[in-house]
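**Student:** Before I ask anything, here is the structure I am working with.
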Amino acid sequence: MVKTRFAPSPSGYLHIGGVRTALYAWLYARNQGGKFLLRIEDTDIERSSEESKLSILEGMKWLGLEHDEEIIHQSERFEVYKARADELISAGKAYESEGAIRFKSDRSSNVIISDHVFGDVEVNADELDDFIIMRSNGAPTYHFAVVIDDFESGITHVMRGDDHLKNTARHIQLMKAFDYPIPDFVHLPMILGPDGSRLSKRHGAMNVLHYKEEGFSSEALLNYLVRLGWSKGDQEIFSIQEMIDGFDLVGINKASAKFDIEKLRWVNQQHLLNTDDSELKMMLEARSDAAKGLNDEVTINFINAYKNRANTINDLVSSCDNLFSDEIKYDQASADKFLKKEILSPLKDVVDALKRSEWNQESISEALKSVCEKHEIGFGKIGQPIRIAVTGGTQSPSIDQTLILLDQLIVVDRIEAAIEYIVENSN
Ligand code: GLU
């Protein structure tokens, strides 16, 4: 049975690169009907923290990357590592030096790492040294613990970042010394920042939970990450089930991929558009006070009018909060540009026309058209000023679609307020 694992060190948060590694390991296990294990590599007491572990677990939970079996904590297994080190010493394959235990490397031949992504990678015998397996403080090194744990939990496929590719030569030597079977190796190319250097904090938010706060859905984030280094034909949008069904090792690219926040936004939008209105309504109501006060029909109409221009649920929330707030705050640059004296007279006529109009999209359009005809101006001349008057900014669906979401009296009030604003601010 295929068994994979994700083995984060709890010395920071769960970051984008880690998520992609976890995702591939999880997908491969699920695709193969195997198991996916979670192991906390907390042997470095000083750098590990409970807070970091909890944040990693919270991230995994949000993403839905549920693990099988109990979580393994390396910090609880020091006795096991010590016993294995003693076995190596007894077999003459390790020795103590200055309180630490070193592995006696076999330098008689080169080590070949067979990797699913990188092919056969040969590491020269003279690059192999007598590396430390147990520190003088009784803690195992990464190399030692990883080999023992992968073997003892029956890992068949070791999937991790390619920064560990070279380390694998040491691991293979240890596996041979213990007579362990060699697992399959799948090293994943690093994720790069937009400038081509390794993705790091300075490229922006790395904690996966930040994307949750920003209103991305976990499914969309996973969809974006699955495509960052793996492909299946030219399909871009995947549901979780499609990822599980389609995932394979041959589709993993050897080249590193660049993290592109705009693409992530686009993927998120596609998922948003694929989400049922009733679900979007629930998501909106959970996040927006303004939405809680609306009747169901208005909320659904709002969602339909605005979802095409939203990348994230947060975009929808802020549009909703703006549109249905008691007090419209103008975007200053837009107000400066469009709320001008020359539009006063047409706006006054807009108020009159809307007051008389029936409150449906068609009548609203007719009313506005008649004002444009009277003043011999194009619709563009009053469109933006009305938008700003009613929503505070210049980004909204078509005017009739936007206005109909609000009560007639509120729209009239808001346009009257804009007229006052123009009078006060132009001289
Ligand atoms: N704790 C290691 C890391 O976070 C795990 C590497 C591995 O999966 O073997 O890089």
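**Student:** Is there a residue being among the hydrophobic types (A, V, I, L, M, F, W, C) and more than 35 Å from the chain's Cα centre (by Cα) anywhere in region 146-162?
**Tutor:** So far as region 146-162 goes, no, none of its residues is among the hydrophobic types (A, V, I, L, M, F, W, C) and more than 35 Å from the chain's Cα centre (by Cα).
**Student:** Looking at ALA417, ALA335 in this structure, which one is outside any loop (DSSP other than H, G, I, E, B), surrounded by 18 or more Cβ atoms within 10 Å (Cβ to Cβ) and either of a type in the set (Gly, Ala, Ser) or modelled with pLDDT under 95 (or both)?
**Tutor:** ALA335
**Student:** I want to confirm something. Restricting to region 52-76 and keeping residues that are in a helix (DSSP H, G or I) and of a type in the set (Asp, Glu), which single residue is farthest from TYR13 (Cα to Cα)?
**Tutor:** Among those that are in a helix (DSSP H, G or I) and of a type in the set (Asp, Glu), it is GLU76.
**Student:** Could you list, in sequence order, all residues of region 256-294 that are of a type in the set (Gly, Ala, Ser), closer than 20 Å to ASN308 by Cβ and open to solvent by 60 Å² or more (accessible area, probe 1.4 Å)?
**Tutor:** SER278, the sole residue that qualifies.
**Student:** Related question: What number of residues within region 200-217 are open to solvent by less than 30 Å² (accessible area, probe 1.4 Å) and at pLDDT 95 or above?
**Tutor:** 5
**Student:** Hey, among ASN207, ASN223, which residue is within 16 Å of the ligand (Cβ to nearest atom), of a type outside the set (A, V, I, L, M) and in contact with a helix residue (DSSP H, G or I) (Cβ under 8 Å, 6 or more places away or on another chain)?
**Tutor:** One residue alone meets the criteria, ASN207.
**Student:** Okay, next question. Any residue that is outside any helix (DSSP H, G or I), modelled with pLDDT under 95 and under 23 Å from TYR24 (Cβ atoms) - is there at least one of those in region 260-270?
**Tutor:** Checked against the condition, which is being outside any helix (DSSP H, G or I), modelled with pLDDT under 95 and under 23 Å from TYR24 (Cβ atoms), region 260-270 yields at least one hit.
**Student:** Any idea how many residues of region 391-414 are of a type in the set (Gly, Ala, Ser) and crowded, with 20+ Cβ neighbours inside 10 Å?
**Tutor:** Residues meeting the conditions: 2.
**Student:** Could you pull out every one of the strands (runs of 3 or more DSSP E) wholly within region 95-183 that has 2 or more residues that are open to solvent by less than 50 Å² (accessible area, probe 1.4 Å) and within 12 Å of the ligand (Cβ to nearest atom)?
**Tutor:** 157-161
**Student:** Residue check: is LYS329 open to solvent by 20 Å² or more (accessible area, probe 1.4 Å), touching a residue at least 24 places away in the same chain (Cβ under 8 Å), of a type outside the set (Phe, Trp, Tyr) and assigned to a loop (DSSP other than H, G, I, E, B)?
**Tutor:** yes
**Student:** Could you please find all residues in region 380-413 being part of a loop (DSSP other than H, G, I, E, B) and more than 16 Å from TYR306 (Cα to Cα)?
**Tutor:** ASP407
**Student:** Test each condition in (1) modelled with pLDDT under 95; (2) within 19 Å of ARG5 (Cα to Cα) for LEU128 and report the one that comes out false.
**Tutor:** The failed condition is (2).
**Student:** Further question on the same structure: Go through (1) in contact with a helix residue (DSSP H, G or I) (Cβ under 6 Å, 6 or more places away or on another chain); (2) open to solvent by less than 50 Å² (accessible area, probe 1.4 Å); (3) in a helix (DSSP H, G or I) for ARG84 and report which single condition fails.
**Tutor:** Going through (1) in contact with a helix residue (DSSP H, G or I) (Cβ under 6 Å, 6 or more places away or on another chain); (2) open to solvent by less than 50 Å² (accessible area, probe 1.4 Å); (3) in a helix (DSSP H, G or I) one by one, ARG84 breaks only (2).
**Student:** Another question about this same structure. Go through region 340-356 and report how many residues are over 23 Å from TYR330 (Cα atoms) and free of Cβ contacts under 8 Å to residues at least 12 places away in the same chain.
**Tutor:** Going through region 340-356 one residue at a time, the tally reaches 1.
**Student:** Condition check: within 12 Å of the ligand (Cβ to nearest atom), farther than 29 Å from SER136 by Cβ and buried (at least 20 other Cβ atoms within 10 Å of the Cβ). Does LEU37 satisfy that?
**Tutor:** yes
The values are calculated or read from the model by the stated rules, or taken from the named source; none is laboratory data. This one's a predicted model, so the numbers in the text were calculated from it and none came from an experiment. Every residue, glycine among them, receives a Cβ derived from its backbone with ideal geometry; neighbour counts consider all protein chains shown. For accessibility, only protein heavy atoms count, side chains too; no ligands or nucleic acids. Shrake-Rupley method; radii C 1.70, N 1.55, O 1.52, S 1.80 Å.
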